[in-house]
């Protein structure tokens with residue numbers, strides 16, 4: 001009995017040590033990525049131009065004509081969470097091209113010969129993508145305030161938005177990494193990235209509610225992770241907004257997809273150098 005207890009204690013200690021190593025390695029990779037961003041923050045500003053145009057031009061026009069039913073929200077208020085989700089998507093979906101650059105520069109080779117967990121290498125990049133997403137959220141919040149959009153500023157709602165933005169950014173960045181591992185060239189990656197972004201955006205509830213979509217598009221939207229990002233943001237971000245699918249469902253779906261993509265990316269990541 002004593003031997004069994006001792007063995008169980010050693011196993012638990014080894015497991016906790018492995019988890020601590022995984023977390024430490026992930027944060028080290030994330031810190032490396034964030035340092036790159038601090039050296040050249042212009043990317044964040046350029047990524048903010050398109051969402052600003054959507055809010056200022058598209059949102060203002062459709063608010064006036066009231067062509068899309070949005071319940072007790074103005075169209076601009078309905079659209080603001082969708083624009084934030086779009087910004088998260090667009091900044092994260094091209095994350096994989098940086099990995100291809102790192103492979104060409106030999107950085108990936110150095111990482112892969114290190115004792116770091118492959119999953120930690122992917123998780124670190126996902127965390128850094130989440131931090132990039134938060135900077136986009138700050139920009140969208142400032143634009144929304146300037147346009148008179150009624151935002152929620154309770155601690156719970158702000159923490160919820162942070163969680164959604166980081167999880168959504170990590171999800172799409174990991175998906176981007178998988179694409180980079182499969183295509184292996186910058187030219188092909190850019191082509192596939194351009195093809196993916198618009199269908200993901202328009203086949204979601206970002207700029208119109210699920211209820212007015214044809215049934216086939218509703219079916220597509222319900223398996224589109226961006227739909228759940230938008231739905232959660234709409235319930236957390238806007239005064240009078242609500243989550244049509246339920247916040248629990250939104251978070252559970254995103255988390256499940258992220259874990260699946262993280263597992264796939266960790267397996268594919270070494271193949272990027274071949």
Problem - Residues located in the range 44-59, provided they are part of a helix (DSSP H, G or I), surrounded by 14 or more Cβ atoms within 10 Å (Cβ to Cβ) and modelled with pLDDT under 75 - result: 44, 47
Handout entry: Residue selected from the range 60-74 under the condition part of a helix (DSSP H, G or I) and more than 27 Å from the chain's Cα centre (by Cα), by the criterion surrounded by the fewest Cβ atoms within 10 Å (Cβ to Cβ)
Key = 65
Handout entry: Elements of type helices (runs of 4 or more DSSP H) contained in the range 156-247, each with 3 or more residues being at pLDDT below 95, under 16 Å from the mean Cα position of the chain (by Cα) and within 18 Å of residue 264 (Cβ to Cβ)
Key = 186-202
Exercise for the section: Looking for whichever is assigned to a helix (DSSP H, G or I), more than 14 Å from the chain's Cα centre (by Cα), touching a residue at least 12 places away in the same chain (Cβ under 8 Å) and more than 18 Å from residue 27 (Cβ to Cβ) here; the options are 139, 149. Which one fits? Expected result: 139
Fill in the blank from the handout: Across (1) assigned to a helix (DSSP H, G or I); (2) modelled with pLDDT of 65 or more, residue 3 clears everything bar (2)
Handout entry: Any chance residue 126 is within 25 Å of residue 196 (Cα to Cα), in contact with a helix residue (DSSP H, G or I) (Cβ under 7 Å, 6 or more places away or on another chain) and either modelled with pLDDT of 80 or more or not in a helix (DSSP H, G or I) (or both)
Key = yes
Exercise for the section: For residue 255, state whether it is touching a residue at least 24 places away in the same chain (Cβ under 8 Å) and surrounded by fewer than 22 Cβ atoms within 10 Å (Cβ to Cβ). Expected result: yes
Completion exercise
Across (1) touching a residue at least 60 places away in the same chain (Cβ under 8 Å); (2) in contact with a helix residue (DSSP H, G or I) (Cβ under 6 Å, 6 or more places away or on another chain), residue 185 clears everything bar (2)
Exercise for the section: Report whether or not residue 145 is surrounded by fewer than 24 Cβ atoms within 10 Å (Cβ to Cβ), modelled with pLDDT of 85 or more and in contact with a strand residue (DSSP E or B) (Cβ under 9 Å, 6 or more places away or on another chain). Expected result: yes
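The values are calculated or read from the model by the stated rules, or taken from the named source; none is laboratory data. Bear in mind the structure is a predicted one, so any value in this text is a computation, not a measurement. Cβ coordinates were reconstructed from backbone atoms using ideal geometry, including for glycine residues, and neighbour counts include every protein chain displayed.
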